[in-house]
Amino acid sequence: MLSKYFDMGAWGTKLVDAIEICNLRNIKKLRFEIPNQGVWLLTAGNGAGKTSLLACLRRIDYPNAFQVHFPTSLVSPQLDNHSNGTVTYEIDGEKVEYAYRGERWTPRPRRNSHLFKKLGYPTVTYIGATAERITPRQEDFDTKGIRSVKPEIIAAANDIFDTQKFTALRSINLSRGVGNDAFVLNVSNSPKTYHSEKHFSLGELCVLKLLRLITQVSNNSMIIIDELEMALHPRAQVKLLRYLEEQARGKKLTIVFSTHSVTLLKTIDRKQIIYLEKQDDGEIRSIIGCYPTYALGNIAADEETLPDIVLYVEDAFARDIVTAFFTLFADKKYTDPTERPTLKTIPVGGFQQVVMFLDQNRAVLPGHVKQRAILDADVKDETLKTWNASKNHKQLAKVQKLSNKISYLPFTPEVGLISFIANDVGGFQTKLRQRFVDNQIHISSIMATYNATLQNKAQRDECKRVQNELLAYLEEKTQRSEETVREILCGVFAQASWATYKPNFMQLFGSLT
């Protein structure tokens with residue numbers, strides 16, 4: 001499929017197949033040689049294009065990759081404009097260039113859009129450290145539907161995490177015919193009881209999903225892993241790397257693992273390290289086989305790669321809500337852009353997993369990076385009150401230990417959104433039409449099904465149902481990705497409700513800056 005492995009005496013030796021990115025985001029020019037089979041660690045300093053490169057690799061088998069990773073702004077043609085950017089794929093001596101031309105990314109010449117097939121990958125799969133969990137609803141969960149998990153997944157998980165608990169790992173398909181498999185853990189046989197995915201740590205869940213993916217992919221496939229190791233103990237990182245190397249050999253896989261892990265970079269054969277280095281002229285050089293100390297030294301010296309604030313939240317919807325409101329907060333507080341702090345919001349999982357993740361990882365980042373857990377309002381208003389009433393001191397102690405590092409949203413995201421829309425469906429619909437530039441958007445029929453009389457968990461479940469219907473409708477109507485629709489929806493909500501929640505968020509974020 002690809003040419004012979006590069007000559008170590010000549011870094012940057014040309015391979016047959018390559019990607020060249022020009023004038024895209026922070027990249028003036030980056031030429032990247034698509035690696036051969038095996039596990040490759042991809043690392044880089046600030047602004048060296050690692051994230052953009054992963055998106056371009058993903059595009060080999062995912063037509064919507066550019067729309068997902070390089071979304072354009074609907075606010076202004078001068079904002080997030082990619083009209084000067086090009087991504088050129090050189091495959092088996094032929095080329096195809098992708099560029100944003102008006103409404104979408106299109107190939108030129110169009111006849112060469114088939115070139116990706118020549119790479120020989122049956123699939124190219126992207127996986128990152130996401131906290132999205134599948135939790136069975138009561139009406140979904142039937143123990144008769146519980147199935148065994150492949151023995152190789154269980155064995156690998158037990159080995160990576162140095163445990164035997166995954167011997168009790170099972171799965172259940174919650175949507176017939178669509179392969180919506182959720183993991184569950186058998187915790188008792190008399191009677192049969194199980195833990196859902198919300199009881200797994202972020203690291204455990206990410207690795208389990210990766211293990212399942214690897215058992216399913218065809219030989220000769222490509223797998224892109226985006227900083228999944230961030231939720232793993234160093235010992236687990238090493239065992240995961242060894243497992244990936246074994247699977248790459250056995251199934252002839254090409255695995256590109258994006259990472260900043262000191263442990264991984266020092267563990268792998270240096271011939272398998274790809275370091276993206278930004279040059280003085282703005283171009284980015286892809287260095288294959290550099291010494292780990294060279295890459296680590298440059299990354300460590302690049303302090304600006306770290307955000308000023310890192311927030312841990314429960315899920316992707318909470319992340320987009322927090323990000324949207326933080327943008328409004330920063331716009332209000334900072335007139336000088338040099339004073340504006342940078343923010344990274346990381347979805348971790350259920351609130352107990354968020355607290356655990358904060359506790360375990362707060363010492364990883366340097367002291368100048370402020371870290372905080374932002375939990376949904378129902379945790380404070382319901383769960384903690386219940387624990388206090390029942391004198392559940394064990395659980396309370398875990399939260400109280402980090403009380404100065406934990407804040408709460410003024411609402412639970414799905415409840416805040418749907419309740420706000422329900423108060424003025426027509427007004428919110430108008431704002432959605434303006435934001436999506438589509439006067440054919442109609443949300444009244446969806447909101448008409450909303451039962452506003454419910455409370456507590458029943459209310460959250462109802463709001464989540466309506467929220468999911470709204471997202472699915474907007475995704476289909478606007479032909480945008482789920483990620484883009486969710487981000488836009490949260491942005492519209494934040495703008496529309498800012499007058500209501502401004503005091504809450506000025507206080508919440510003000511304590512961080």
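The values are calculated or read from the model by the stated rules, or taken from the named source; none is laboratory data. Model, not experiment: these values are computed from the prediction. In this analysis, Cβ positions are derived from the backbone assuming ideal geometry, glycine residues included, and neighbour counts consider all displayed protein chains.
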*Looking at SER218, is it assigned to a loop (DSSP other than H, G, I, E, B), touching a residue at least 60 places away in the same chain (Cβ under 8 Å) and polar (S, T, N, Q)?*
yes
*Consider ILE441 carefully, then state whether it is without any contact (Cβ under 8 Å) to a residue 60 or more places away in the chain, over 30 Å from MET356 (Cβ atoms) and aliphatic (A, V, I, L, M).*
yes
_Pick from the range 485-513, criterion of a type in the set (S, T, N, Q) and surrounded by fewer than 19 Cβ atoms within 10 Å (Cβ to Cβ), ranking: modelled with the lowest pLDDT_ = THR513
_Residue satisfying all of: in the range 210-230; among the polar types (S, T, N, Q) and in contact with a Leu (Cβ under 9 Å, 6 or more places away or on another chain); surrounded by the fewest Cβ atoms within 10 Å (Cβ to Cβ) among these_ = ASN219
*Of all residues in the range 155-169, how many are surrounded by 15 or more Cβ atoms within 10 Å (Cβ to Cβ) and either of a type in the set (A, V, I, L, M) or without any contact (Cβ under 8 Å) to a residue 12 or more places away in the chain (or both)?*
6
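Yes/no per residue for (1) out of contact with any Cys (no Cβ under 9 Å at 6 or more places or on another chain); (2) part of a helix (DSSP H, G or I); (3) of a type in the set (Val, Ile, Thr):
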position: LEU384; (1), (2), (3): yes, yes, no
position: LYS398; (1), (2), (3): yes, yes, no
position: GLY416; (1), (2), (3): no, yes, no
position: GLY427; (1), (2), (3): yes, yes, no
position: THR430; (1), (2), (3): yes, yes, yes
*Could you check, for the range 439-446, whether at least one of its residues is in contact with a helix residue (DSSP H, G or I) (Cβ under 9 Å, 6 or more places away or on another chain), at pLDDT below 90, assigned by TED's automatic domain parsing to the domain that holds ALA458 and in a loop (DSSP other than H, G, I, E, B)?*
no
*asked:* under 22 Å from the mean Cα position of the chain (by Cα), among the hydroxyl-bearing types (Ser, Thr, Tyr) and in the same structural domain as THR323 (by TED's automatic domain parsing): is that true of THR484 in this structure?
replied: yes
_Neighbours by Cβ (under 8 Å, 6+ apart or cross-chain): first from the range 62-77, within 18 Å of GLU475 (Cβ to Cβ); second at pLDDT below 85 and of a type in the set (S, T, N, Q)_ = ASN64/SER481; GLN67/SER481; VAL68/SER481; THR72/ASN81
*Would you check if there is a residue in the range 91-104 being modelled with pLDDT under 90 and assigned to a strand (DSSP E or B)?*
yes
*Restricting the search to the range 231-243, which residues are closer than 12 Å to VAL39 by Cβ and surrounded by fewer than 22 Cβ atoms within 10 Å (Cβ to Cβ)?*
ARG242, TYR243
*Which members of the range 52-67 meet the condition of being under 18 Å from SER286 (Cα atoms) and in contact with a Lys or Arg (Cβ under 8 Å, 6 or more places away or on another chain)?*
SER52
*If you scan the range 347-368, which residues turn out to be surrounded by 16 or more Cβ atoms within 10 Å (Cβ to Cβ) and in contact with a strand residue (DSSP E or B) (Cβ under 7 Å, 6 or more places away or on another chain)?*
PRO347, VAL348, PHE351, VAL354, VAL355, PHE357, LEU358, ARG362
*asked:* Restricting to the range 268-301, and then to whatever is more than 20 Å from PHE32 (Cβ to Cβ) and within 25 Å of the chain's Cα centre (by Cα), can you tell me which residue is surrounded by the fewest Cβ atoms within 10 Å (Cβ to Cβ)?
replied: ALA300
*If PHE436 satisfies every condition in (1) within 19 Å of LEU328 (Cα to Cα); (2) touching a Ser or Thr at 6+ places or on another chain (Cβ under 6 Å); (3) modelled with pLDDT under 95 but one, which is the exception?*
(1)
